[in-house]
Amino acid sequence: MSTILLSIGSNTFAKTNIDKAKRMLTRLFPGIIFSQPILTEPDDEKYSYLFRNVLAKVETVMVPEEIIDKIKQTERAVGRTPKDKYLGKVVIDIDLIKYNDEILRPLDYQREYVQQLLSSFADTPPADVTPAKETSPAATPANEVPANEDLPAETPAAETPPTETI
């Protein structure tokens, strides 16, 4: 088994497109875990919108060429087209940045957000280990949704003092 690290990003309907990609990647790679999303500024003038980025980590028997083929199919299924980049749109971008100990995309791997999100995997158990009751909110197994994701904060009910009767 080989451990892989994927970088997933979008700047166009980002939450929807990343969620769709995550569902598809979960079917391809059972046991995959995803970091929490992070918003980043574009590093190129041709992109004018913020990027939503996520990392994914999983163990697989696939070789890098097979993984890259599967993630490119996933990108097309989510809606990526060759002309999008020229328009400054990134519907979805999925890159294999690490395969076992080999860093395949050193510039991507060194990005600040990648390094920041990598730390969220430090407390995450391997996919074949059943997590304890409390799991780290920083990295969530694919089949588990954090309780607070996309939900408004709960407002505690106002306490009314008891009334005295005479």
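Quick note: the coordinates plus some simple rules give every number you see, no bench work behind them. Just so it is clear, the model here is predicted, and its values are computed rather than measured. Every residue, glycine among them, receives a Cβ derived from its backbone with ideal geometry; neighbour counts consider all protein chains shown.
Just add up the charged neighbours of K83: K/R +1, D/E -1, any other residue whose Cβ is under 15 Å from the Cβ of K83.
With Lys, Arg at +1 and Asp, Glu at -1, the neighbours total +2.
Could you go through the range 94-108 in sequence order and give the Karplus-derived ³J(HN,Hα) for each residue, using 6.51 cos²θ - 1.76 cosθ + 1.60 with θ = phi - 60°, rounded to whole Hz, and x for Gly and Pro?
10, 10, 7, 9, 8, 10, 6, 9, 8, 8, 8, 10, x, 5, 5
For q values of 0.16, 0.17, 0.20 Å⁻¹, compute log₁₀ I(q)/I(0) with the Debye formula on a Cα-only model of the range 2-141, without solvent.
Calculated log10 I(q)/I(0) at the listed q: -0.83, -0.94, -1.30.
Please give the contour-minus-distance gain from K83 to I103: 0.36 nm per residue of separation, less the Cα-Cα distance, rounded to one decimal in nm.
Gain in length upon complete extension: 4.4 nm.
Would you please name the GluC sites (Glu not before Pro) within the range 40-81 that are DSSP coil residues with at most 14 other C-beta atoms within 10 Å of their C-beta?
Sites meeting the loop and neighbour criteria: E45.
Pull out the extension gain between S119 and K72, defined as 0.36 nm times the separation in residues minus the alpha carbon to alpha carbon distance; nm, one decimal. Mind showing how you got there, number by number?
On the way: separation 47, 0.36 × 47 = 16.92 nm, distance 2.63 nm.
Separation in residues times 0.36 nm, less the Cα-Cα distance, equals 14.3 nm.
Can you figure out the FRET efficiency of Q110 with R27, using R₀ = 35 Å and their beta-carbon distance, to the nearest 0.05?
0.70
Here are some pairs, K20/K83; K70/K98; K57/K83; K57/K85; K15/K57; which of them have Cα atoms lying more than 23 Å apart in this structure?
Going by Cα-Cα distance, K57/K83; K57/K85 fall outside the 23 Å limit.
Could you run the Karplus curve 6.51 cos²θ - 1.76 cosθ + 1.60 with θ = phi - 60° over the range 36-47 and give me ³J(HN,Hα) per residue in whole Hz, x for Gly and Pro?
5, x, 9, 9, 9, 6, x, 9, 9, 4, 6, 9
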